[in-house]
Amino acid sequence: MNYTDAHCHIITDAPCPDMLAGQIRNATKQSEWDKISTVSDDKQFACIGIHPWHIASATPDWQSDLYNRLKQNPLLMVGEIGIDKYHDNIINQEEIFIAQLKIAFELNRPVHLHCVGAWDKILHIFKMLNKSMPPIIVAHSFNGNPSIIQQLANQYNLYFSYSVPQDAKTTARIIETPISRLLVESDAYDTESEMESIEMATNAIANILGQEIDIITEHIYQNFQKVTSYVRPID
Ligand SMILES: [Zn+2]
């Protein structure tokens, strides 16, 4: 089966496991960018960005550093970036997030988004940027209100990524997510726990949707291909 992992944090040389047909690795801070930038191929993809938990470690020239690396490597996406209400310095988080969205728009790269308790702020920013938005946004571990899913999908081309569902709220979100926007993720730091999580999460989602696992896995694989179509190596 074509299992895929839309969001993990494997920042090592470990190759993408054979069991997976695709994997997206996310850096969270500048010190990880070098390690992750070399891994893109036809099933292993990488994102560089500054996570809201790590804005304090960004160097003064982080913006030009990010821009130049992305420009030099057309296989890289932007992530993991976003806003986290429960972390310090929301104003700085917002500024850094907006700057990264602008770079992703300019270079036409998908964005991998972290949002905790800040969907109102994020929607406000999307509205402000209007048409100057990245081509695709993957909401990692989506935890917003199910009622905003359709709007986010239609207006801002959002995809929604889920790990193993833990509660009724997540189940409701999965049911509300259009099948053409559904992704699965491990958020793992090593390939062993990654494979276990992906199998469990894909199975659980198929159960929730009352569908055969191979049909759901194929839908998710097609969605993964769409997200990564912006950064595929040219043969
Ligand atoms: Zn993550």
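Here, each number is a calculation from the coordinates, and none is a lab measurement. Only a predicted model underlies this, so the values are computations on that prediction, with no experimental measurement involved. Glycine also receives a Cβ, built like all others from the backbone with ideal geometry; neighbour counts cover every protein chain displayed.
Computed values, structure above
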{"item": "Binned Cα-Cα distances of the chain, short to long, each 5 Å bin given as a whole percent", "result": "1, 7, 16, 20, 21, 17, 12, 5, 1, 0, 0"}
{"item": "Distance between region 3-36 and region 156-184 - C-alpha centres, whole angstrom", "result": "21"}
{"item": "Selected from Ser186, Ser64, Ser197 as most flexible by GNM, with the chain as the system and alpha-carbon contacts under 10 Å", "result": "Ser64"}
{"item": "Approximate spin-label separation Asp167-Asn203, in nm, with each point projected 7 Å along Cα-to-Cβ", "result": "2.4"}
{"item": "Region 3-231, dipole about Cα centre (Lys/Arg Cβ +1, Asp/Glu Cβ -1), debye to the nearest 20", "result": "1000"}
{"item": "FRET efficiency, Thr59 to Gln211 (Cβ-Cβ, R0 30 Å, nearest 0.05)", "result": "0.05"}
{"item": "GNM flexibility winner over the chain from Ile198, Ile91, Ile50 (Cα, springs under 10 Å)", "result": "Ile91"}
{"item": "Cut-off under 5 Å, modelled amide H: who pairs with Tyr159 long-range", "result": "Ile137, Val138, Ala139"}
{"item": "For the chain: relative contact order, % (alpha-carbon pairs under 8 angstrom, 6 or more apart)", "result": "22"}
{"item": "Lysines whose Cα lies under 26 Å from that of Lys35, excluding same-chain neighbours fewer than 8 positions away", "result": "Lys43, Lys71, Lys102, Lys226"}
{"item": "Listed peptides 12-19, 23-30 by packing density, highest first (mean Cβ within 10 Å)", "result": "23-30, 12-19"}
{"item": "Two-site label geometry, Lys226 and Asp13: point separation in nm, points 7 Å out along Cα→Cβ", "result": "3.7"}
